[in-house]
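Remarks on the structure that follows.
FYI, it's all coordinate maths here, none of it is from the lab. Quantities reported herein were computed from a predicted structural model and do not represent experimental measurements.
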Amino acid sequence: MGNKTVKQFAFVQHKKVVSVDDYADNTNPSHHLVDVSDMSPPPETGWPLFDGQIVQPYVLDKVQWLKRLLPVWDAVEAALDSPNDSRARKYNKFFEMAPAINLRLPETRTMIIDFTACVNEVNGSMVLPIDTLIDYGTVTEQYQA
C-alpha cells in the first residue's frame with residue numbers, strides 16, 4: 001500500500017466555517033467543502049465564506065470598532081473637538097452611521113487611514129497606530145452576517 005496523502009478541507013454551512021478536517025487527497029471540493037490546504041493562517045471555526053473563498057473575519061460591528069478606539073479615546077476626542085480639522089468628525093460620523101465596518105472595502109480602508117492621520121496630526125504624535133484600526137478582525141471579532 002502506498003502512502004495516502006491528505007488535504008485539509010473546511011466544512012462550510014450558512015457561509016461560515018463549521019470545522020476544518022483532513023480528507024483523502026481525492027476528495028472533491030463542493031459548496032460545503034472548501035480546500036484550505038494552502039491557506040496561511042489556516043481558517044478557524046466561524047470564519048466567513050466570501051465570494052467562494054474563506055477569509056479572515058473582517059466586518060466589525062459598532063462595539064468592536066469602539067473597542068479598537070478605546071485605548072486612545074482621549075486622543076480621538078481631541079481630534080473630534082479640534083476646530084481646525086473637520087475631517088475626523090466627518091469620518092467619525094460615517095463610522096457611527098454605518099451598520100458595520102467592512103475592512104475589506106478599499107474605500108473604508110482609505111477613510112480609516114485618513115481618520116488615523118487626522119487623530120495623529122491633531123495630537124502631534126503617533127498616538128493611534130494604523131494597525132490598531134485597519135487589521136482584519138480576530139476570531140473574537142467574528143464576522144457579522
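Would you calculate the convex hull of the Cα atoms in the range 6-54 and tell me its volume per residue in Å³?
Values: hull volume 3.1 nm³, N = 49.
Cα-based convex hull of the range 6-54, divided per residue, equals 64 Å³.
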Return the tail of the calculated pair distribution for the range 59-134, meaning the percent of Cα-Cα pairs more than 17 Å apart. 37
Please pull out the direction-averaged projected area of the chain, using the convex hull of its alpha-carbon atoms, in nm² to one decimal place. 10.3
For the range 92-137, place one equal point scatterer on every Cα, skip the solvent, and apply the Debye formula. What is log10 of I(q)/I(0) at q = 0.14, 0.18, 0.19 Å⁻¹? -0.33, -0.54, -0.59
If I stretch the segment between Arg104 and Asn28 completely, what's the gain in nm (0.36 nm per residue apart, minus their alpha carbon distance), one decimal? 24.5 nm
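To the nearest 500 deg cm²/dmol, what mean residue ellipticity at 222 nm is calculated for the chain from DSSP H runs of n ≥ 4 alone, each contributing -39,500 (n - 2.57), summed and divided by the residues? If you can, show how the numbers build up before the last one.
Details: 5 runs with 51 residues, N = 145.
Roughly -10500 deg cm²/dmol at 222 nm, from the helical runs in the chain.
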Nearby lysines by direct alpha-carbon distance to Lys62 (threshold 28 angstrom, same-chain neighbours under 8 apart not counted): Lys15, Lys16, Lys90, Lys93
